[in-house]
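The structure appears right after this line, and notes come after that.
The values are calculated or read from the model by the stated rules, or taken from the named source; none is laboratory data. Quick caveat, the model's predicted, so the values are computed rather than measured. Every residue, glycine among them, receives a Cβ derived from its backbone with ideal geometry; neighbour counts consider all protein chains shown.
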Amino acid sequence: EKAQALVQQGIEPAIADVFDTDAVKAVVSRAQPEVVIEQLTALPRTYTRESMNAAAALNNRIRLEGGANVLAAAQAAGVRRYLRQSVAFYAIPGSGLADEDTALAFDASPAVAASARELTELEHRLLGNTNIEGIALRYGFFYGPGTWFNPDGDVAQQVRQQQFPIIGNGEGVWSWLHIEDAAIATIAAAERGNPGIYLIANDQPLALRHWLPAFARWLNAPPPPQVSVEDALKGDGGADAVYYGTQMRGVSNAKAKRELNFQPRPLEWIVD
């Protein structure tokens, strides 16, 4: 179905099992690309502790093992530039906005710390490769069509059912990115980015206590409930939900704006 959609846009798809080293090498070699953009992931349609935990093993394997296969195939094919997906959520908690040099939260809640270590491994694997121009794109939280935060997405449904609470002081700062702006920034990085890391997010990092009530109003949903940290630790999200709700640090997009001429749109449910 997805391949057919690409064909209808005049794109020739090449399909391979990302865990099949020879198959991946064959399709990359046949295409002879100058640039490879790796967006490997296996995230679930629902955003809950259970669904994320269930998807974690395959998602990690796709990124680590599958990503290694794609990178090796790109090298073998003489690819000049390689971009890979990363995330902007894992900067060490602190004041102000994080930038590309800010350390990651290796001592955070279990899933966050594990993800921070995994992403560091993936980024080092790419950026330490002297045979290719490597760029890691740390995206903010996607919103827009096909995402959890679209009006028909899973988080929107949770908000309507008052199942997505403000935790504690609600000071965890979320960095946002419209899915179309993610594509625009990725193309810009492919064309003129410098090797290294870019934080790709919009201009409005917002604390949970600010964005969530506004999101609920935009959806014509009831106000979100509030829960204490103690109750949240016992609940569905556990320590990871507490991290996102109270400790997560927003990020600066200054480098992307400066070097990629990145001009993200404002968050659509925030009205000044």
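Just give me the residues in the stretch 222-251 being small (Gly, Ala, Ser) and either over 30 Å from Arg84 (Cα atoms) or in a helix (DSSP H, G or I) (or both), in sequence order. Even if it seems obvious, please write down each step before you answer.
Within the stretch 222-251, the first condition is being small (Gly, Ala, Ser), and the residues that meet it are 228, 232, 235, 237-239, 241, 245, 250.
Passing the criteria: Ser228, Ala232, Gly235, Gly238, Ala239, Ala241, Gly245.
In the set Ala214, Ala156, only one residue is touching a residue at least 60 places away in the same chain (Cβ under 8 Å) and over 21 Å from Tyr90 (Cα atoms); that residue is Ala156.
Among residues of the stretch 169-198 that are at positive phi, those with a beta-carbon under 7 Å from a residue that is in a helix (DSSP H, G or I) and crowded, with 21+ Cβ neighbours inside 10 Å at least six positions away or on a different chain give the pairs Gly170/Leu208; Gly170/Gly245.
Those residues that are touching a helix residue (DSSP H, G or I) at 6+ places or on another chain (Cβ under 8 Å) and not basic (Lys, Arg), I need them from the stretch 178-200; list them, please.
Correct list: Ala185, Ala188, Ala189, Gly193, Asn194, Pro195, Gly196, Ile197, Tyr198, Leu199, Ile200.
I want to confirm something. Restricting to the stretch 36-49 and keeping residues that are in contact (Cβ under 8 Å) with a residue 60 or more places away in the chain and over 19 Å from His124 (Cα atoms), which single residue is surrounded by the most Cβ atoms within 10 Å (Cβ to Cβ)? Out of the qualifying residues, it is Tyr47.
Look at the stretch 202-221 and say how many of its residues are in a loop (DSSP other than H, G, I, E, B) and either touching an Asp or Glu at 6+ places or on another chain (Cβ under 9 Å) or more than 21 Å from Arg249 (Cα to Cα) (or both). Show your work before the answer.
Just the residues of the stretch 202-221 that are in a loop (DSSP other than H, G, I, E, B), to begin with: 202-205, 219-221.
Subset that is either touching an Asp or Glu at 6+ places or on another chain (Cβ under 9 Å) or more than 21 Å from Arg249 (Cα to Cα) (or both): 202, 219-221.
The number of residues fulfilling the criteria is 4.
Any chance the stretch 30-40 includes a residue that's polar (S, T, N, Q) and either modelled with pLDDT of 95 or more or over 30 Å from Pro151 (Cα atoms) (or both)? Checking the stretch 30-40: at least one residue is polar (S, T, N, Q) and either modelled with pLDDT of 95 or more or over 30 Å from Pro151 (Cα atoms) (or both). Residue count for the stretch 246-265, restricted to those that are over 23 Å from Ala189 (Cβ atoms) and touching a Pro at 6+ places or on another chain (Cβ under 8 Å): 2. Residues in the stretch 1-33 that are of a type in the set (Val, Ile, Thr) and in a loop (DSSP other than H, G, I, E, B): 3 in all.
Filtering the stretch 222-245 to residues that are surrounded by 14 or more Cβ atoms within 10 Å (Cβ to Cβ), modelled with pLDDT of 95 or more and closer than 18 Å to Tyr47 by Cα leaves Pro224, Val242, Tyr243, Tyr244, Gly245.
Having 3 or more residues that are surrounded by 20 or more Cβ atoms within 10 Å (Cβ to Cβ) and acidic (Asp, Glu) is the bar; report the helices (runs of 4 or more DSSP H) wholly within the stretch 60-168 that clear it. Spell out how you get there, then give the answer.
Details: elements: 67-76, 110-127, 154-160.
Passing ranges: none, list empty.
All conditions in (1) crowded, with 16+ Cβ neighbours inside 10 Å; (2) within 19 Å of Thr186 (Cβ to Cβ) hold for Lys2, with the sole exception of (1). Quick one: would you say Arg265 is of a type in the set (Lys, Arg) and outside any helix (DSSP H, G or I)? So Arg265 fits the description; yes.
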